[in-house]
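Derivation of every value follows stated rules applied to the coordinates shown; laboratory data play no part. These figures come from a predicted structure and were not determined experimentally. Note: ideal-geometry Cβ built from the backbone for every residue, glycine included; neighbour counts use all protein chains shown.
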Amino acid sequence: MTTSHVILGDGIAGSSAAETIREADPDAEITVITEEGEALYNRILIKEFAKGKLPEAPVSIHEPEWYDERDIDLRLNTHVTGVDTDEKVVRTHGGEDVGYDKLLVATGGTPTQLPVENADAEGIHHFWTFQDARAIREHAAEADRGVVIGAGLLGIDLAAICGAQDVDAKYLMRGNRWWRYALSLDGAEIIHRALEDIGVEPVFESGLDHFEVDESGHVDSVIDSNGDAHEAEFVGIAVGLNYNTEFLEDTPVELDDGIVVDQYMQTGVEDVYAAGDITKYHDVILEDQTQNGAWGSAKEQGIVAGKNMVADDTVKEFRYVPSYSITHFDFPFLSFGHPTIGDDEAERKYSDDEWRRLTFNNGKLVGGVLIGDLSQQSTFKKIIRQERPVADQKELLLEEDVELDALAPSPIE
Ligand SMILES: Cc1cc2nc3c(=O)[nH]c(=O)nc-3n(C[C@H](O)[C@H](O)[C@H](O)COP(=O)(O)OP(=O)(O)OC[C@H]3O[C@@H](n4cnc5c(N)ncnc54)[C@H](O)[C@@H]3O)c2cc1C
């Protein structure tokens, strides 16, 4: 009997699942539904495109022919409005019902819009899609002054775009540093100096109060939380994601700021799976529910979901240490694992632009940030995967070269 797989979202999670299902089951019916007007592209590269450094072509990953060749029914420009998990149908904005045997939800998130005065003015950008990147590239190329809001991994992309496009920009941050949940001041200062080097001025203990607009409705200044005005015709905001789950609200699928799944990417509802940024998944290493927004883990979750959907059983679990790198500066930057959680930490500065921070939970390494020297990343990822109790061996872990053999033996080899 042919199984009908319907996948919502053609990001890296949805697309990897479709590919996995096709490889495992040549007879399956596969439908991929996306509200975007283009097939899978490399979301990681759209920042380089917006900087003006890359043409469009290398950003694209799949042309529609890729789906034709694999007999995958790709439906572009199709917004999913509802799911009936009893009848096993997906509803689209056009009123169409698409039936499924197995459903994968891989619809990711949408940037959060701050509910402040003039938030919808012209010239204010959020950044998630290739279409957003086209608008940002065009606007940044002609703008003289900008403001960036959101001191995290996506906000810094907007700051780097301003730097690359010669927009004289201020970067408003709450608190005294960039990504304060994962970096101490020592580490963040390396980033602050690098921002200044590309012409972006960090503004600390600040934040957004509201926007002021000119007579045409275009933003012309940002009023910060201290009442200070910053002139800007270009504004970039990255203050988090709202997960795209509205169409599941009338279903029994458990939602908790995302879709709750186990380590097999299964929801609590039979034949409904979820993968990618949208999941609140059971992490078998942390032994806890957690969330992660990174390309590599979204891809792996899509593969895990695809394998389990085809097998009709739990044949593969998600056991993965994610990482996320920043390549905007002269030095490399990598965060790995879960650097914003933990009950203990250790850090060291090695030179003006080399720094390391490690976080521990229940005695085990769970994440960290490396600036300047990434040579130890695979060692740290291995230690996390091995679930070694190493929190009492911080000195060894902060050595420039970590000797795995010098650490106390691992319970799992
Ligand atoms: C600018 C930028 C830079 C990034 N840089 C990095 C990086 O350097 N390293 C890294 O690891 N990660 C990076 N990321 C994060 C990474 O891109 C994401 O973690 C990853 O793309 C998530 O994939 P996904 O398939 O889960 O979701 P998405 O890629 O968000 O795909 C979800 C798809 O579902 C569609 N959809 C949503 N709702 C509906 C609906 N109701 N009906 C139909 N379709 C719907 C969406 O339009 C979208 O196409 C970056 C992200 C951005 C935006």
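Taking the Cα centroid of segment 264-290 and of segment 360-413, what is the distance between the two, rounded to the nearest whole Å?
One Cα centre to the other: 26 Å.
Any idea which of LEU104, ALA408, GLY240 is furthest toward the positive side of the dipole for the chain, if Lys and Arg beta-carbons carry +1 and Asp and Glu beta-carbons -1?
Value: ALA408.
For PHE360, list long-range residues whose amide hydrogen, built 1.01 Å from N in the peptide plane, is under 5 Å from its own amide hydrogen.
ASP343, ASP344, GLU345, VAL366
Give me the extension gain from THR110 to GLU270: residue separation times 0.36 nm, minus the current Cα-Cα distance, reported in nm with one decimal.
54.9 nm
Taking only the C-alpha atoms, wrap a convex hull around segment 351-390 and report its volume per residue in Å³ as a whole number.
57 Å³
Can you tell me which lysines have their Cα less than 20 Å from the Cα of LYS280? Leave out same-chain residues fewer than eight positions away.
Partners found: LYS102, LYS299, LYS307, LYS316.
Calculate how many DSSP beta bridges within the chain are antiparallel, expressed in % of all such bridges and rounded to the nearest 5.
Counting DSSP beta bridges with both partners in the chain, the antiparallel share is about 55 percent.
So what are the ³J(HN,Hα) numbers for segment 335-344, from phi and the Karplus equation (6.51, -1.76, 1.60; θ = phi - 60°), rounded to whole Hz, Gly and Pro as x?
10, 9, x, 10, x, 9, 10, x, 10, 7
Could you work out how far the C-alpha centroid of segment 218-233 sits from that of segment 1-78, in angstrom?
The two parts, judged by their Cα centres, are 39 Å apart.
State the percent of C-alpha pairs, over all pairs in segment 124-237, separated by a distance greater than 26 angstrom.
Everything past 26 Å amounts to 13 percent.
Between Rg and the Kirkwood Rh of the chain, both from Cα atoms, what is the Rg to Rh ratio?
0.98
ARG180 versus ASP97, label points 7 Å from Cα toward the beta carbon: distance in nm?
In this crude label model, ARG180 to ASP97 measures out at 5.2 nm.
Using only alpha carbon pairs under 8 Å that are at least six residues apart, calculate the relative contact order of the chain and give it in whole percent.
14 percent
Where in segment 143-186 does the amide nitrogen come within less than 16 Å of the point 7 Å from the Cα of ASP197, taken along Cα to Cβ?
The answer is 160-161, 163-164.
Could you derive backbone 3J(HN,Hα) for segment 319-332 from the dihedral phi with the Karplus parameters 6.51, -1.76 and 1.60 (θ = phi - 60°), listing whole Hz in sequence and x where the residue is Gly or Pro?
With the stated coefficients, segment 319-332 comes to 10, 8, 9, x, 8, 8, 10, 10, 10, 7, 10, 5, 10, x Hz.
For the chain, what does the helix formula give at 222 nm: sum of -39500 (n - 2.57) over DSSP H segments with n ≥ 4, over the residue count, nearest 500 deg cm²/dmol?
Value at 222 nm, helices only, nearest 500: -6500 deg cm²/dmol.
As a test of the definition: which semi-axes, in Å, follow for segment 347-413 when you take the square root of five times each eigenvalue of its alpha carbon gyration tensor? Largest first, please.
Working through the eigenvalues yields semi-axes of 20, 11, 11 Å.
What net charge is computed for the residues neighbouring GLN131, neighbours being all others with C-beta under 10 Å from the C-beta of GLN131, Lys and Arg scored +1, Asp and Glu -1?
Its environment carries a net charge of -2.
Using a 7 Å offset from Cα along Cα-Cβ at ASP120, what residues in segment 83-112 end up with backbone N under 19 Å from the label point?
Counting backbone N atoms under 19 Å from the label point, the list is 110-112.
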